[in-house]
Amino acid sequence: MLWQKSWLETRWRFLIGAILLSCSAAVTVFTYPTVKELLSLVQGNATGALGRQIRESAELARTFPGYIWSESFAGNQRQWITLFAILLGTASFLSTSGGASFTLSLPVSRRRLLAVRTSTGLAELFILAMFPALLIPLLAPAIGESHGVASALIHGFCLFIVATIFYNLGFLLSTIFSDPWRPVLIAIGVAVALGFLDRVLRFTPLSLFDVMSAERYFRHGAVPWAGLLVSVAIAAGLYSVAVANLVRRDF
Amino acid sequence: MAEALVIEATALRKTYDGVDALRNLDLAVPAGSIYALVGRNGAGKTTLIKILMGMARATSGNVRVFGQNPGSSDEGIEIRRRIGFVSDEKDLYASMSVEELIRFTASFFPRWRNDLALEYSRRFALPPSLKIKALSRGMRTKLALLLALCRGADLLILDEPTSGLDPVMADDVLQALVAHVAAEELTVFFSSNQIAEVEQIADRIAIIDGGRAIVSGSVDELRERYCRIQLIFEDAAPPATLRSAGVERITRSGRVMTVLSSQGSATVLDEVRDLRPLSVEVSPVNLKEIFLQSVTVED
Amino acid sequence: MLFRPNPSSGVPIYLQLMEQVKHAIETGALRAGDQLPGMRPLAEELVMNPNTVAKAYRELEHEGVIELRHGAGAFVARNPRAKKLADRLPEAQSIVASAVKKVRALGISDEELRRLIEAEMGGRRG
């Protein structure tokens with residue numbers, strides 16, 4: 001029954017996420033023919049940093065998997081899954097408006113309550129990462145292209161694993177702040193800051209977003225196991241701090 | 001029920017950010033009683049209840065419910081298996097329907113009483129398919145009470161069960177509660193700042209103020225012990241102080257002197273005889289007066 | 001409802017309830033052998049603590065005012081009626097005396113009178 005409650009309380013965030021991520025994946029696939037036409041217009045002689053970037057994207061977009069990777073796994077899907085990981089993680093679990101004292105009056109330990117909630121959330125996040133990724137190989141034949149199922153799954157999996165960090169970050173923040181907004185805003189702030197370090201400052205000793213998009217897998221076929229393991233460890237660390245917070249807390 | 005005391009607290013202290021919510025609170029709730037916890041807002045009633053439910057932990061002191069420690073995770077679960085609870089906020093899951101929440105709650109309590117759930121649903125006229133967020137406060141309170149009563153609990157802990165209800169609804173709730181207690185053998189521990197309802201249904205009471213239980217015991221005993229002695233004198237009432245034990249307050253107004261005693265009238269009467277009053281009248285004191293006399297008034 | 005204790009009077013509710021039961025018996029609202037309301041229904045009706053009703057009934061039983069029959073409920077005891085009877089006996093006696101006097105004045109023999117009384121009472125009995 002706790003599972004049902006968890007599902008009832010998060011289903012809207014999950015369903016909206018599922019629709020958005022699926023639509024985003026589908027739109028990306030179906031705009032490829034247009035992009036291919038535009039490619040012929042790209043000038044090969046653009047100079048400077050901007051020119052180099054344009055050439056790089058054009059290069060990637062010459063193949064369908066390259067296009068999908070840059071637009072989806074390293075683009076839209078990566079941003080959306082980060083956002084929904086935060087939204088699912090901060091779904092108020094023991095807020096007073098959500099019947100916290102009723103929940104706490106049940107003969108169930110807080111650890112079990114939190115384990116059920118987190119399992120539900122992570123299962124939802126897994127689907128949010130994998131389903132849209134799978135849509136790509138499924139839809140590709142409709143525009144006369146193809147994409148490997150295995151590689152789509154691996155990209156989806158990498159998205160999921162790193163997103164669990166943001167899920168647990170949101171969860172941890174929701175145990176610190178009692179209002180529903182600060183945890184979301186702070187977690188998004190952290191995600192944006194990490195992205196800024198990554199992209200603009202090129203500060204990438206451990207780039208979460210590179211692990212997320214699995215660039216090494218895309219370019220060299222090497223799954224970023226080390227990065228995934230580190231991500232799992234970070235997520236687990238955030239989770240245990242959050243649980244310790246909630247177990248100690250007075251309601 | 002095997003335990004003589006269902007709830008037992010000694011020297012209980014709870015501090016929030018350096019401020020005492022409870023200090024040196026002692027409490028003993030015997031099995032089978034309807035025990036009222038009375039106090040002003042902020043006296044510490046909800047804090048005490050949260051400690052009993054394992055929602056908050058005591059800073060120091062000792063607390064036992066069914067002989068177990070509610071602050072321990074495992075024992076807390078054992079305790080909560082036997083408690084029906086209605087919280088201060090009457091907060092329930094907004095997104096569930098009445099029916100869903102009843103089924104949800106039932107799944108946690110092996111002794112759940114389906115027969116009573118049906119009976120109370122009818123009695124309270126709760127529409128099963130309505131979402132909880134659409135319920136009025138009165139309806140929500142009734143549902144919260146249903147969810148507490150049907151657990152097959154040995155102890156009901158109710159935090160201000162009638163607060164925010166109109167008198168008709170409040171009476172409905174009390175009546176259901178009394179009927180339930182009459183039919184099932186259990187202990188009720190409830191907080192309230194409605195003295196009238198406490199006088200009506202409680203047989204034991206603790207008045208808490210500033211985080212301590214300042215008066216506690218059987219309601220009948222308190223009513224028998226507390227009395228008001230009115231003395232009328234020939235001239236202005238003498239400014240004498242009385243030394244008898246139990247003299248709580250002396251007020252004078254012209255020829256009339258009123259003594260409030262918490263230890264019966266006998267010793268006071270012996271003492272005032274020397275003051276030669278024209279007439280002496282002893283009258284009972286109700287709980288409201290005992291309450292007002294006991295709590296500190298800061299404003 | 002016969003009983004209506006006032007919770008805020010300061011007098012213990014069980015004492016008020018005891019007084020009200022005794023009063024009902026004195027005024028004849030309750031007679032010997034009459035059944036009192038059950039403890040549970042009464043507690044429910046008056047919205048009061050069932051323990052308080054039980055205490056009042058126990059005390060009343062102790063005073064011999066009511067009898068608690070196991071499983072059957074509470075009944076008004078015989079002895080309060082006997083006390084009341086004693087109060088009314090002198091009045092009854094004078095009524096009988098004046099009736100006997102009037103009947104004798106009609107020239108009816110004591111033998112006949114006894115028969116008439118017996119017939120009257122027997123008729124009622126039937």
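The mean count of C-beta atoms from other chains within 10 Å of the C-beta of residues in C:34-45, rounded to a whole number, is 2. For the pair residue A:216 and residue A:23, a Förster radius of 30 Å applied to the C-beta separation gives a FRET efficiency near 0.60, rounded to the nearest 0.05. The three principal axes of the Cα atoms in segment B:157-273 give end-to-end lengths of 55, 28, 27 Å, sorted in falling order.
Relative to the longest principal axis of the Cα atoms of chain B, the long axis of helix B:137-149 lies at roughly 80 degrees. Spread over its residues, the convex hull of the C-alpha atoms of chain A is 130 Å³ per residue. Computed from the C-beta positions of residue A:197 and residue A:139 and an R0 of 41 Å, the FRET efficiency is 0.75 to the nearest 0.05. Inter-label distance, residue A:236 to residue C:72: 7.5 nm, where each label sits 7 Å from its Cα along the C-beta direction. Taking N as the residue count of segment A:129-251, its C-alpha radius of gyration divided by 2.2 N^0.38 Å amounts to 1.25.
The value obtained for segment B:172-214, namely the Cα convex hull volume divided by the number of residues, is 81 Å³ per residue.
Per-residue ellipticity at 222 nm from helix content only, as computed over the protein assembly as shown with -39500 (n - 2.57) for each DSSP H run of at least four residues, stands at -17000 deg cm²/dmol.
Taking R0 as 35 Å, what's the FRET efficiency between residue A:146 and residue A:4 from their Cβ-Cβ distance, rounded to 0.05?
Efficiency at R0 = 35 Å is approximately 0.30.
Look at the stretch B:84-91: the mean tally of other chain Cβ atoms within 10 Å of its residues' Cβ atoms is 5. Bridging of residue C:22 to lysines at a Cα separation below 29 Å is possible for B:288, C:55, C:83, C:84, once same-chain residues fewer than 8 apart are set aside. By the count of neighbouring beta-carbon atoms within 10 Å, fewest first, B:288, B:45 end up ordered B:288, B:45.
For B:258, B:251, what's the fewest-to-most ordering of other Cβ within 10 Å of each Cβ?
Ordered from fewest to most neighbouring Cβ atoms within 10 Å, B:258, B:251 come out as B:251, B:258.
Using a simple spin-label model with points 7 Å from Cα along the Cα→Cβ vector, what separation in nm is obtained for residue B:108 and residue B:60? Between residue B:108 and residue B:60, the label points sit 3.3 nm apart. Treating only the Cα positions of segment A:180-242 as identical point scatterers, give the base-10 log of I(q)/I(0) from the Debye formula at each q in 0.18, 0.24 Å⁻¹. These q points yield log10 I(q)/I(0) values of -0.79, -1.11.
Averaging over all projection directions, the Cα-based convex hull of segment A:65-163 occupies 7.5 nm² in the image plane. Here the peptides C:24-33, B:176-185, B:190-199 are ranked by packing, the mean other Cβ count within 10 Å, and the order with the highest first is B:190-199, B:176-185, C:24-33. Decide, for segment B:209-299, between rounded, prolate and oblate: order the square roots of the alpha carbon gyration tensor eigenvalues as a ≥ b ≥ c, take rounded if a/c falls under 1.5, and otherwise choose prolate if a/b is larger than b/c, else oblate. Prolate, since a/c reaches 1.5 and a/b exceeds b/c.
The mean number of Cβ atoms from other chains found within 10 Å of a Cβ in peptide C:94-104 is 0, as a whole number. Is the C-alpha gyration tensor of segment B:1-101 telling us rounded, prolate or oblate? Criteria: a/c under 1.5 is rounded; beyond that, a/b larger than b/c is prolate, otherwise oblate. It comes out oblate by the Cα gyration axes.
Tell me, what is the percent relative contact order of chain B, built from C-alpha pairs under 8 Å that lie six or more residues apart?
The value is 20 percent.
Two decimals is fine: what's Rg over Rh for the protein assembly as shown, C-alpha atoms, Kirkwood radius as Rh? Rounded to two decimals, Rg/Rh equals 1.22. Length gained on full extension, residue B:16 to residue B:224, computed as 0.36 nm times the residue gap minus the Cα-Cα distance: 71.1 nm. Annotation: the residues B:187, A:10, sorted from fewest to most other C-beta atoms within 10 Å of their own C-beta, follow the order A:10, B:187.
Centre-to-centre, using Cα atoms only, segment C:16-49 and segment B:168-243 are separated by 23 Å. I need the shape label for chain C. Rule: rounded when a/c is under 1.5, else prolate if a/b > b/c, else oblate, with a, b, c from the alpha carbon gyration tensor. Because a/c hits 1.5 or more and a/b exceeds b/c, chain C counts as prolate. The distance from the alpha carbon centre of segment A:53-86 to that of segment B:1-80 is 58 Å, rounded to a whole number. Across all directions, the average projected area of the convex hull around the alpha carbons of chain B is 18.2 nm². A simple spin-label model places the labels of residue B:68 and residue B:137 3.5 nm from each other, with each point 7 Å out along Cα-to-Cβ.
Just so you know, all these numbers are worked out from the coordinates, no wet-lab data involved. The model shown is predicted, which means the values in this text are computed figures rather than measured ones. With ideal geometry, Cβ positions are generated from the backbone for all residues, glycine too; neighbour counts draw on all protein chains shown.
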